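I have placed the structure first, in the form of structure tokens, so that the comments after it can refer back to it.
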């Protein structure tokens, strides 16, 4: 059944201070306690027994400190037009409570003294639960309090009857829209969002300190980065291949010349910086390997140098990567970190048939990188 929601009719009451108890009507000087309880509130409810009992308990709790006596009755049903029938008696108000519909509760309050009527519809989104019973109880309390204060409640009989008729009249289903109306009301298609992540090309210079001196293993690198521009927090990664330029590393007339290639892969989190999160800072873990051609050198003594050979240096590390856009396409970036040589490479000479270490690379090797990223 289609429900027409009738706008609530506001009660014009003076507000109470926040958190304060509502003002309770006090008997005038000379009144007795019996005089203060002479007002009668007649409530008729229709519906299932359990929800009616829940509302009754809440209403009695809210009205227990008011000078009223409650006459509560339950019926299987009633017709809304019965609300407007004139009845004998001196009741302060007659209240009709319709709880037969599981989706709404309808409350009719009759201002007997002024022959005015208040119609309230309370939606029951979760059935008649504690929240709904509290709402109905509060409406009852506010209505009784207003009438005890001498206020006029509700609207005229004719206006209230129109509201009740609208509640009882089923509303026709809306006609389906014409193709023209459907096309006009259809939302415009949203533009497809751009890619969340971008691949950027990298060109960089890298320098890694193998030992004091310093012994620098350095050279240019090319690679790609995975970025999410403008994000406050995102994942990021990179893959680089670099050339290790010739390094002559010599101690006490014995040394080596190193040259080769290196590969690094890194991944981690990136944090956007600035108001538009254009610049970013990344904390990445890296793995890689350097393949180096080693050419031994002997410049003193009678020791013979062995033939050249290749070594593989597996590395793991941690780096801090900063990216600052220069324009929409190009950004300047730099990395600072350290790597561990997993095999702990060193270079020995034979003295009396025993190996003696001459060149010892640091196990933990700091490095830095600086370059440009190009994001088309």
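The values are calculated or read from the model by the stated rules, or taken from the named source; none is laboratory data. These figures come from a predicted structure and were not determined experimentally. Don't worry about glycine lacking a Cβ; one is built from the backbone with ideal geometry, like all the others, and counts go over all protein chains shown.
When 221, 134, 158, 162 are checked against the criterion of being at pLDDT 75 or above and not in a helix (DSSP H, G or I), 221 stands alone in meeting it. Taken over segment 42-92, residues that are under 16 Å from residue 116 (Cα atoms), at pLDDT below 90 and not in a loop (DSSP other than H, G, I, E, B) amount to 5. Would you be able to say whether some residue in segment 95-116 is within 17 Å of residue 164 (Cβ to Cβ) and either out of contact with any strand residue (DSSP E or B) (no Cβ under 9 Å at 6 or more places or on another chain) or not assigned by TED's automatic domain parsing to the domain that holds residue 151 (or both)? Yes, the conditions are met somewhere in segment 95-116. Residues that are free of Cβ contacts under 8 Å to residues at least 60 places away in the same chain and either outside the structural domain of residue 313 (by TED's automatic domain parsing) or under 14 Å from residue 215 (Cα atoms) (or both) within segment 346-364 comprise 346, 363, 364, listed in sequence order.
Being assigned by TED's automatic domain parsing to the domain that holds residue 119, modelled with pLDDT under 90 and on the phi > 0 side of the Ramachandran plot: is that true of residue 230 here?
Values: assigned by TED's automatic domain parsing to the domain that holds residue 119: no; modelled with pLDDT under 90: yes; on the phi > 0 side of the Ramachandran plot: yes.
So residue 230 fails the test.
Within segment 137-155, the set of residues being under 46 Å from the mean Cα position of the chain (by Cα) and not in a helix (DSSP H, G or I) comprises 153, 154, 155.
Suppose we keep only residues that are crowded, with 16+ Cβ neighbours inside 10 Å and at pLDDT 90 or above within segment 240-255. Which one would you say is nearest to residue 306 (Cα to Cα)? Before you say what the answer is, go through the steps one by one.
Quick first cut of segment 240-255, residues crowded, with 16+ Cβ neighbours inside 10 Å only: 240, 242, 244, 247, 249-250, 254-255.
Pick out the ones that are also at pLDDT 90 or above and you get 240, 242, 244, 247.
Working: 240: 32, 242: 27, 244: 22, 247: 18 Å.
Among residues in segment 240-255 that are crowded, with 16+ Cβ neighbours inside 10 Å and at pLDDT 90 or above, the one nearest to residue 306 (Cα to Cα) is 247.
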